[in-house]
Amino acid sequence: MRFFEICKFIFMNKCIFTIAGNTIREITRQAIFYLIVGGGCLLIMLSFSFTMFAFGEEVGMIKEMGVSTITICCLCLASLSATNAIFGEIEKGTIMTLLSKPVDKRSILLGKFLGIMGVVSFAFMMMGVLLTISLCVKDSLEYQIGILASFASVGYPTLIQLVISFLQVAIMCGVAIAGSIYLPMVSNLSCCMFIYVIGNLMNFFKCLFFGSEGGLPWYVSFFYVFFPNLEGFSTISIVNNFGAVSLGYMVLLAVYAILYLLLVILITCEFFEKRECC
């Protein structure tokens, strides 16, 4: 019921979309946006030269390098944008301009979140399209086949990996928003990177602390629930464990990402309500 109340609050509140639009314009006017996106595109194109001696594994290596590059770039963009949009305005006192109008803190936070998610989604889409097209063109020229055949063999699996990685980016975007309430730029970026690394090692820690009687200590269980299980979104581990990714598993990942993101946003709203902005 809480989920539907939040959805109704978002869609019935025009101020949220106004703040989201202003946030998108502010982020896209900053040089850091073009630096991160341009750097990510450059690394994707350079990955074709890094794998010249892979001996038949070029496409797979380029795909994994490209998806990892896009994920890290979008994580950095989300963290830096969230810090500038929330912590920077709190420190400068410019957020009081919004609070002086008939806008509550929850609307401001949700508007900032939607704006940052929009920018991150746009950057992810641009780099993802570049990676997919580049792989299709390479496969088409190398094997002398049509673009449609290359898309079926290379492009479509790449899009599946990108969709799964985007769910991972969305979770980390919520974490970046939560950290930006109290943490400055370097601290927030470091915290996001730490959570990202820990989240991709969740199964390792689970096996490490697995009890001899087949159970987990309570503090390990709390750790396992509190931190996002990003390893489940790793396309390398998915392919190794399950082979082809099924539609049901993708739906399960999407539900987990939405629920975890919703939990983070709810907690963040509560903390932001108690945050002194003056």
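Convert 37 °C to kelvin, take the viscosity as 0.692 mPa s, use the Kirkwood radius over C-alpha pairs of region 64-119 as Rh, and evaluate the Stokes-Einstein diffusion coefficient in µm²/s, rounded to a whole number.
Result for D is 261 µm²/s.
Efficiency by 1/(1 + (r/R0)^6): what FRET value for residue 251 and residue 61, r their Cβ-Cβ distance, R0 = 22 Å, to the nearest 0.05?
0.15
Ordering 159, 109, 167 by how much accessible area each has at a 1.4 Å probe, largest first, what is the list?
159, 167, 109
The values are calculated or read from the model by the stated rules, or taken from the named source; none is laboratory data. Nothing here was measured: the structure is a model prediction, and the numbers come from that model. Virtual Cβ from ideal backbone geometry, glycine too; neighbours counted across all protein chains shown. Areas reflect the complete protein model, heavy atoms only, side chains present, ligands, DNA and RNA absent. Shrake-Rupley method; radii C 1.70, N 1.55, O 1.52, S 1.80 Å.
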